[in-house]
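Working notes, beginning with the structure itself.
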Amino acid sequence: TAALMRETLFKAREYMEKCLILRRYFENPALTTDVIVGFPGETEEEFACTEAFIDEACFYETHIFKYSKRAGTKAAAMDGQVPEPLKTERSRRLIGSSSSAPQGRCLWRSVSQGQTAFIRWGIQGNM
């Protein structure tokens with residue numbers, strides 16, 4: 001829905017602000033993320049936003065997983081299951097764009113000095 005999309009975009013901006021704060025105070029922090037592509041109901045527009053966010057965030061590493069249906073979960077019963085070939089295509093697109101980031105416009109000289117910060121965000125509930 002449009003409301004969920006606005007909420008997600010707000011959370012993405014909030015997350016990006018936290019990344020910028022870490023970069024302001026730590027030299028070359030190794031920010032990483034995990035992404036699940038093909039969650040039920042994921043639209044092309046939502047995926048494009050994810051792709052743009054990952055490009056802008058310039059993560060040190062991005063771990064990309066295709067959603068897989070698990071019996072007994074709410075997500076398994078949801079409408080809008082994304083076809084496997086589309087999940088594979090989206091996964092490949094993210095892998096391609098994220099793997100080029102550190103060698104391209106994102107210059108990483110070193111991993112942070114053993115300091116770790118965790119930023120967690122996402123949808124609440126048992127999905």
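Taking the Cβ of Ile64 as the center, what net charge do the other residues with Cβ under 14 Å away carry, scoring Lys and Arg +1 and Asp and Glu -1? Combined, the nearby Lys, Arg, Asp and Glu give -1. An oblate overall shape is assigned to region 30-83, the ratio a/c of its alpha-carbon gyration tensor axes (a ≥ b ≥ c) being 1.5 or greater and a/b not exceeding b/c. Amide hydrogen proximity for Val35: with H placed 1.01 Å from N in the peptide plane, the residues at 5 or more positions away or on another chain lying under 5 Å are His63, Ile64, Phe65. Site pair Glu46 and Arg23 shows an inter-label distance of 2.7 nm when each label is modelled 7 Å from Cα along Cα→Cβ. Taking a straight line from the alpha carbon of Lys87, these lysines sit under 18 Å away, with near neighbours fewer than eight places off in the same chain left out: Lys66, Lys69.
Values in this text are rule-based calculations from the coordinates and carry no lab data. Every value quoted in this text rests on a predicted model; they were computed, and no experiment measured them. Every residue, glycine among them, receives a Cβ derived from its backbone with ideal geometry; neighbour counts consider all protein chains shown.
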